[in-house]
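In what follows, a structure is listed as structure tokens, so that the remarks can point back to it.
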Amino acid sequence: MAALQGPATMPRKKQRRTAVKKTIEPRKTRSPAARMPLHRKVSQILKARILSGVYAVGTQLPVEIELTEEFAVSRHTLREALRQLRDDGLVSSRQGAGTTVRRPGAPERYVHEIASIDDLVAYASETQYRADSSELIAVDATLARRLDCAENQRWLRIEGLRYIPEKAEPLARTEVFVAAPYAGVARLLGRRPGPIYRWVEDQYGERVSEVEQRIAAQIVPEELVPTLRVEPGSAAVEIRRTYRLGNGAVALISFNLYPADRFSYSMTMRRERIAPKA
């Protein structure tokens, strides 16, 4: 009788160890466009529109809120994009007047629009005056003729440069002569913004009621050539303003000397309407 045998045992198959190969994908490099800062992307789109005529020369770009919504960016990013366009000479911006498209390659000039005394406040706000020196002086005969005053009369003399924000070269050289009774405004230099005539009004309770303005063409004086960063013999425009109080007394006189290629003056005149006779 055959002996009983247990269940046959199957030989174990040798398990092969399959080497798992890790595939390392090459690192994807971002395109230059992907690496570009957001404000640069916005400025390039706007630049393309300007150069293609979508925004014509002399017209204004859409207002900030429209552009921030269109590009889904912050106001800070948009303003950086507009600054880039200004640096490229494609637009010019003025506080309260929007951003205007300029002719590519045209020299940028500051447009000075004054229709009332209050407009001088806007002018002082959209530019920066950096006073270099101030001193109380007794004018000599030459300066007395320039100020239309008596010799040895005392004035606070303030000298400095006026700049457009984000521009390295000065817009103008500005001299201000404040009548001696109001010379105390000197302590506000570098501490308070705004036009100096407003300091006189606020500190002394006076009110400027009249500003006489004279405009004259001249050559930039030799000693101011390096300061204004112009070539010798360059043309300039000087604007003199005399600020008078209600009693006719002169509170201050300012002289602004602008290199001609950085400045233009705009004045609007309207015909007076005469009421028809009854």
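The values are calculated or read from the model by the stated rules, or taken from the named source; none is laboratory data. Note that the structure is predicted; figures quoted are calculated from it, not measured. We place every Cβ from the backbone using ideal geometry, glycine too, and count neighbours over all the protein chains shown. The area values use the complete protein model at the heavy-atom level, side chains included, leaving out ligands, DNA and RNA. Shrake-Rupley method; radii C 1.70, N 1.55, O 1.52, S 1.80 Å.
Rounded to the nearest 10 Å², what accessible area does L90 show when all protein chains are kept and the probe is 1.4 Å?
For L90, solvent-accessible area is about 10 Å².
Suppose R0 equals 45 Å; then what is the FRET efficiency for Y265 and M36 from their Cβ-Cβ distance, rounded to the nearest 0.05? List each step's numbers first, then the result.
Details: r = 40 Å, r/R0 = 0.88.
After rounding, the FRET efficiency stands at 0.70.
Hey, if we sort Y197, Y129, Y182 by accessible area with the 1.4 Å probe, largest down, what's the order?
Result, largest first: Y129, Y182, Y197.
Between E135 and Q44, how many nm apart are label points set 7 Å from Cα along the C-beta direction?
The two pseudo-label positions are separated by 5.5 nm.
Note the full-extension length gain between E175 and T227 as 0.36 nm times their separation in residues minus their Cα-Cα distance, in nm to one decimal.
Result for the pair: 17.3 nm of gain on full extension.
If we count every other residue with Cβ under 15 angstrom of A249's Cβ, Lys/Arg +1 and Asp/Glu -1, where does the sum land?
Details: positive: R154, R207, R244; negative: D148, E201, E206, E210, E212.
With Lys, Arg at +1 and Asp, Glu at -1, the net is -2.
R0 = 22 Å: FRET efficiency of S209 with L188, Cβ-based, nearest 0.05?
Details: r = 22 Å, r/R0 = 0.99.
Efficiency computed from Cβ-Cβ geometry: 0.50.
Given an 8 Å cut-off on Cα distances and at least 6 residues of separation, report the relative contact order of segment 167-240 as a percent.
30
Taking R0 as 30 Å, what FRET efficiency do you get between S52 and E126 from their Cβ-Cβ distance, rounded to the nearest 0.05?
Computed FRET efficiency for S52 and E126 comes out at 0.50.
Net charge around R192, counting only other residues with Cβ within less than 10 Å of its Cβ (Lys, Arg = +1; Asp, Glu = -1)?
Details: positive: R187, R191, R198; negative: D202.
Here the count lands on +2.
Assuming 0.36 nm per residue, please report the length gained on full extension of the stretch R154 to R244 beyond their Cα-Cα distance. Each step should come with its number before you reach the end.
On the way: separation 90, 0.36 × 90 = 32.40 nm, distance 1.68 nm.
Residue separation times 0.36 nm, minus the Cα-Cα distance, leaves 30.7 nm.
Going by amide H atoms built from the backbone, whose H comes under 5 Å of the H on S234, apart from near neighbours?
The list, which skips near neighbours in sequence, is V220.
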